[in-house]
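The values are calculated or read from the model by the stated rules, or taken from the named source; none is laboratory data. The model shown is predicted, which means the values in this text are computed figures rather than measured ones. FYI the Cβ positions are ideal-geometry reconstructions off the backbone, even for glycines, and counts take in every protein chain you see. For the accessible areas, the whole protein counts, side chains as well, though only heavy atoms, and no ligand, DNA or RNA atoms are used. Shrake-Rupley method; radii C 1.70, N 1.55, O 1.52, S 1.80 Å.
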Amino acid sequence: MSKGEMVYEGKAKRMFLTDDPGRLVVEYKDSLTAFNAQKVASMEGKGRLNNVISSVIFQYLKDRGVDNHFVRVIDDTHQEVLRVTILPIEVVVRNITAGSICKRLGVKEGLPLPRPLVELYYKDDALGDPIITEDHAVLFGWATQEELDQVKSMALKVNQLLGEMFEQVGVTLVDFKLEFGRTKDGRIILADEISPDTCRLWDKATNDRLDKDRFRNDLGRVLEAYEEIWKRLSEPKEA
Ligand code: AMP
């Protein structure tokens, strides 16, 4: 599998063409950004950690019936994925209040929600990714109602599976962001990444933050937290 021309460079990843038109190579970068890239840093080893963490999670989800773009890990910072057209929608699932919902609605941090809350955001950096309703997405042609129904049910399934996965290693899944893509034949599959950059993960025993909030809120030991998540996910589990 050759790494050809770069087709996209984002805040944390680069995507490259390959000799197979249906596949891309993703390179995970060491850069960290927050608050719509107003805060930027680079941490050596972050790309490797997110590459391996996201790969393990996508494989786990694929094994449990969540169709996704992950094909294989190539090396420390590269993975092969299926080429899709990303829907311009970010899907956030929340189990416990934290982050933007607290600011937006004035609710306290750390409140467990009676059931998972699914939110949609329009992916547009210039607008600061505004929250939207399903009607906005359908009426502006960003997704069909059928696609949104599928996205929502996949997001809830991911929440259940990921919640169980992290529960087993003593981590509370507070919230996370997903992105979905459309394949050439019109299927909706899970894409992008799932890592401490895109989830809030709290240590069950101590409530220690083990995710990008360490960077956002200047809590220190950012890489150590990502390393801890990788250590727990990669350790052999009891049957
Ligand atoms: P927030 O809306 O900022 O409270 O974020 C909710 C969850 O989605 C957190 O786990 C964030 O890390 C994640 N999230 C939200 N927006 C993004 C984004 N643009 N990139 C990565 N993760 C995000």
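For VAL7, which of the numbered conditions (1) among the aliphatic types (A, V, I, L, M); (2) touching a Phe, Trp or Tyr at 6+ places or on another chain (Cβ under 8 Å); (3) closer than 24 Å to VAL174 by Cα fails to hold?
Among (1) among the aliphatic types (A, V, I, L, M); (2) touching a Phe, Trp or Tyr at 6+ places or on another chain (Cβ under 8 Å); (3) closer than 24 Å to VAL174 by Cα, VAL7 violates only (3).
Residues of segment 40-67 being of a type in the set (Lys, Arg) and part of a helix (DSSP H, G or I), which ones? Explain how you work it out, then say what you get.
Just the residues of segment 40-67 that are of a type in the set (Lys, Arg), to begin with: 46, 48, 62, 64.
Residues satisfying the conditions are LYS46, ARG48, LYS62.
Do we find a residue being at pLDDT 95 or above, within 22 Å of ALA155 (Cα to Cα), within 13 Å of the ligand (Cβ to nearest atom) and crowded, with 18+ Cβ neighbours inside 10 Å anywhere in segment 45-57?
yes
What number goes with the only condition from (1) in contact with a Leu (Cβ under 8 Å, 6 or more places away or on another chain); (2) of a type outside the set (Lys, Arg); (3) in a strand (DSSP E or B); (4) within 11 Å of the ligand (Cβ to nearest atom) that PRO116 does not pass?
(4)
Hey, can you tell me all the residues within segment 162-173 that are part of a helix (DSSP H, G or I) and open to solvent by 10 Å² or more (accessible area, probe 1.4 Å)?
To start, the set of residues in segment 162-173 that are part of a helix (DSSP H, G or I) comprises 162-167.
Answer for segment 162-173, where residues must be part of a helix (DSSP H, G or I) and open to solvent by 10 Å² or more (accessible area, probe 1.4 Å): GLY163, GLU164, MET165, GLU167.
Identify all residues within segment 1-44 that are aliphatic (A, V, I, L, M) and within 13 Å of the ligand (Cβ to nearest atom); write none if there are none.
Across segment 1-44, the qualifying residues are ALA12, LEU32, ALA34, ALA37.
Within segment 71-109, which residues are within 13 Å of the ligand (Cβ to nearest atom), of a type outside the set (Val, Ile, Thr), loosely packed, with under 14 Cβ neighbours inside 10 Å and part of a loop (DSSP other than H, G, I, E, B)? Break it down stepwise before answering.
We begin by selecting, within segment 71-109, every residue within 13 Å of the ligand (Cβ to nearest atom); these are 86, 88-105, 107, 109.
Applying the additional criterion that residues be of a type outside the set (Val, Ile, Thr) yields 88, 90, 94-95, 98-100, 102-105, 109.
Within this subset, residues satisfying the condition of being loosely packed, with under 14 Cβ neighbours inside 10 Å are 103-105, 109.
Selection gives GLU109 alone.
Out of curiosity, is ALA137 of a type in the set (Gly, Ala, Ser) and more than 10 Å from the ligand (Cβ to nearest atom)?
Yes; evaluated as a whole, the condition is true for this residue.
Looking only at segment 1-39, count every residue that is touching a residue at least 24 places away in the same chain (Cβ under 8 Å), in a strand (DSSP E or B) and loosely packed, with under 13 Cβ neighbours inside 10 Å and tell me the total.
Going through segment 1-39 one residue at a time, the tally reaches 1.
Output the residue which, of all residues in segment 111-147 that are hydrophobic (A, V, I, L, M, F, W, C) and touching a residue at least 40 places away in the same chain (Cβ under 8 Å), is most open to solvent (accessible area, probe 1.4 Å). Don't jump to the end; show me each part of the working.
Restricting attention to segment 111-147, the residues satisfying the condition of being hydrophobic (A, V, I, L, M, F, W, C) are 111, 113, 117-118, 120, 126-127, 131-132, 137-140, 142-143.
In the following step, the residues that additionally are touching a residue at least 40 places away in the same chain (Cβ under 8 Å) were identified as 132, 137, 142-143.
Values: ILE132: 25, ALA137: 0, TRP142: 49, ALA143: 6 Å².
Looking at the filtered set, the residue picked out is TRP142.
Condition check ((1) open to solvent by 50 Å² or more (accessible area, probe 1.4 Å); (2) out of contact with any strand residue (DSSP E or B) (no Cβ under 8 Å at 6 or more places or on another chain); (3) away from the ligand (no atom under 15 Å from the Cβ); (4) part of a helix (DSSP H, G or I)) across all residues:
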{"site": "ASP175", "(1), (2), (3), (4)": "no, no, no, no"}
{"site": "LEU178", "(1), (2), (3), (4)": "no, no, no, no"}
{"site": "GLY186", "(1), (2), (3), (4)": "no, yes, yes, no"}
{"site": "ILE189", "(1), (2), (3), (4)": "no, no, yes, no"}
{"site": "TRP202", "(1), (2), (3), (4)": "no, no, no, no"}
{"site": "ARG214", "(1), (2), (3), (4)": "no, yes, no, yes"}
{"site": "GLY220", "(1), (2), (3), (4)": "no, yes, yes, no"}
{"site": "TRP230", "(1), (2), (3), (4)": "yes, yes, yes, yes"}
